[in-house]
Amino acid sequence: MKSSQIGISRAYDRPLNGSGARFLVDRVWPRGVTKEELHLDGWLRDVAPSDELRRWFAHDPKRWREFVSRYRSELDSHPAVLQPILDAAGKGPVTLLFGARDPEHNQAVVLRDYLLAKLAHH
């Protein structure tokens with residue numbers, strides 16, 4: 001599998017040229033954005049943190065480290081949900097879209113780092 005670029009972007013930001021395959025990685029649809037505006041290749045609800053974990057985290061930066069650990073555990077226990085992203089990453093750039101306001105403390109950051117580590121080991 002060739003090395004690929006995996007980026008992240010807010011669902012509310014305009015798509016960039018060369019952003020490659022675009023996947024929404026939120027469990028809930030971002031408010032006020034249409035399907036057409038996102039130019040999606042897929043909405044991967046099951047790759048997002050569980051509702052329980054999402055509610056517990058509540059985008060509280062003080063809970064970030066524990067959130068990362070718990071979310072990585074969820075990903076470890078459901079590897080099949082990652083396959084569409086891994087398949088796309090084998091062909092070119094991928095952009096993971098998220099709706100959260102905080103660009104540093106959200107599931108797309110964790111997921112990107114998790115996937116890049118996974119790709120580096122293959």
J(HN,Hα) series, the stretch 59-76, from Karplus relation 6.51 cos²θ - 1.76 cosθ + 1.60, nearest Hz, glycine and proline x: 6, 8, x, 5, 9, 4, 4, 5, 4, 4, 4, 5, 5, 4, 4, 4, 5, 4
Ellipticity estimate at 222 nm from DSSP helix runs (n ≥ 4, -39,500 (n - 2.57)) divided over the chain, nearest 500: -10500 deg cm²/dmol
Rounded to 5, the percent of DSSP beta bridges in the chain classed as antiparallel: 0
The stretch 6-120: relative contact order in percent, alpha carbon pairs under 8 Å with at least 6 residues between: 43
Cβ-derived FRET efficiency at R0 35 Å, Leu16 paired with Arg65, nearest 0.05: 0.70
Long-range amide H partners of Thr95 with built H, under 5 Å: Gly7, Ala21, Arg22, Phe23
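Taken together, the values in this text are just the output of simple stated rules run on the coordinates, not laboratory data. For clarity, every value in this text was computed on a predicted model and none was experimentally measured. When we count neighbours, we look across all protein chains shown, and the Cβ atoms used for this are built from the backbone with ideal geometry, even at glycine.
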